[in-house]
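First comes the structure, then the notes that go with it.
What follows is calculated from the coordinates using simple rules that are stated; it is not laboratory data. Keep in mind that what you see is a predicted model, and the values were worked out from it rather than measured. All Cβ positions, glycine included, derive from the backbone under ideal geometry; neighbour counts span all protein chains shown.
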Amino acid sequence: DELAALADYSAAIDLLPDAAVYRVPRGTTYLARGDFARAADDLGTALDSMTDDLLPPGDYGARDDIWLDELPAPGDHLAAAQYTALVRDLPRPFWVYYQRGLAWAGLEDYERAIADFSVVIDELEPTFYDAHYQRGLAYLARGELDRAAADFRQVLALDPWHAAAELGLGDIAFQQGAYHTALDHYVRYLDLTGAHTGRVALRCVQIPLARVGIMPLGG
């Protein structure tokens, strides 16, 4: 379970403090548990040890031995089978930056979240649409609607069936008073998901009435 895994990773890190092979899984476990500060710390330490191994975009499958030369041999703190699995599944740097971005967002440190997502998008893996989506959410939280909309549109360019990006664009258009555009995005969201959420259903009713001046729109 998660607590046992954290105990194993922590025991290994006590012996090998900078080993990404342990820091990354412990950091992502903390992230899954909502312990964002510890997640950001572990993932940052892992990234510091990976700096020399960053690969150019598109090369993530080129080297299976990335980081392996400097990894210590397994000891009593972690069974050999577990260690082998960790080495095999150790993610590439773009994924670690993305995970740390999620941790920063969880801490509502949107500036740092945007910076990490931007490393993924601009330098490492520009077609990783989840990074575009999460950066869009971070921009949205900061009230930067145009930048958020640009990221959500890029998500849809990469994955036309990304319902959450449609919903985000609908909400942005709604806030900007572009009600026809908002309605188009909400309808598309409903088509993709069949999920008639209360907010979407209400706005789909409000928008046509507001456009003809029958009722004001709420927030």
Residue 159 neighbourhood, Cβ < 12 Å, K/R = +1, D/E = -1, net charge -1
Surrounding charge for residue 191, neighbours by C-beta under 12 angstrom, Lys/Arg +1, Asp/Glu -1, total -1
Sorted on mean Cβ neighbours within 10 Å (highest first), peptides 120-126, 151-157 come out as 151-157, 120-126
Rounded to one decimal in nm, the spacing of the 7 Å Cα→Cβ label points at residue 48 and residue 184 is 4.9
Each label sits 7 Å from Cα toward the beta-carbon; between residue 153 and residue 107 the label points are separated, in nm, by 3.3
Ranked from fewest to most other Cβ atoms within 10 Å of their own Cβ, 104, 95, 161 fall in the order 161, 95, 104
In nm, the gap between the two label points placed 7 Å beyond Cα toward Cβ at residue 38 and residue 4 is 1.8
